[in-house]
Amino acid sequence: MNHPADEPPTPPEPPTQPEPAERARTVDPVLARRRQVARAADLGQRIGYALFGLAVVVFVVGFFVGLTGAVVVVVVTALVVGSLVLAPAIVAGYGVKAADRDDREHGRSV
């Protein structure tokens with residue numbers, strides 16, 4: 001009967017060098033961070049604009065049904081929170097676009 005203990009141990013595989021294409025795909029930490037900021041800015045813009053849309057819809061419904069205190073609170077809260085989220089998201093989005101454009105203009109990969 002053949003037992004695993006009877007077989008000679010196999011030598012470990014020597015470490016292989018990464019392929020040239022793999023070495024070329026190293027992640028630039030600045031570009032990775034820029035992509036994170038771009039995703040966060042996109043999400044912030046979506047949330048901010050959604051809150052503005054919610055404020056408009058609730059205001060229009062409240063205008064025809066009756067502007068109660070609850071309607072006013074929802075509209076004002078949506079506008080304030082939407083502004084607090086949207087303003088920095090817009091600025092960050094423009095910053096990412098400007099950095100990408102600058103990289104392209106100076107021949108750096110984006």
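A simple rule links phi to the HN-Hα coupling: the Karplus curve 6.51 cos²θ - 1.76 cosθ + 1.60 with θ = phi - 60°, which for segment 97-108 gives 5, 5, 5, 4, 4, 4, 4, 5, 5, 9, x, 8 Hz, with x for Gly and Pro.
Per 0.36 nm of contour for each residue apart, how much would the distance between residue 105 and residue 87 grow if the chain were fully extended, relative to their Cα-Cα spacing? Don't jump to the answer; show the numbers that get you there.
Working: separation 18, 0.36 × 18 = 6.48 nm, distance 2.72 nm.
Gain in length upon complete extension: 3.8 nm.
With R₀ set to 30 Å, the beta-carbon distance separating residue 73 from residue 98 gives a calculated FRET efficiency near 0.20.
The Cα trace of segment 29-103 gives Rg and Dmax of 16.4, 53 Å, the first to one decimal, the second as a whole number.
Between residue 27 and residue 80, the simple label model (points 7 Å from Cα in the Cβ direction) yields a spacing of 3.9 nm.
No value in this document is a laboratory result; all are computed from the given coordinates. Worth saying up front: this structure is predicted, and the values here are computed from it rather than measured. Positions of Cβ are generated from backbone atoms using ideal geometry, with glycine treated the same way; all protein chains shown enter the neighbour counts.
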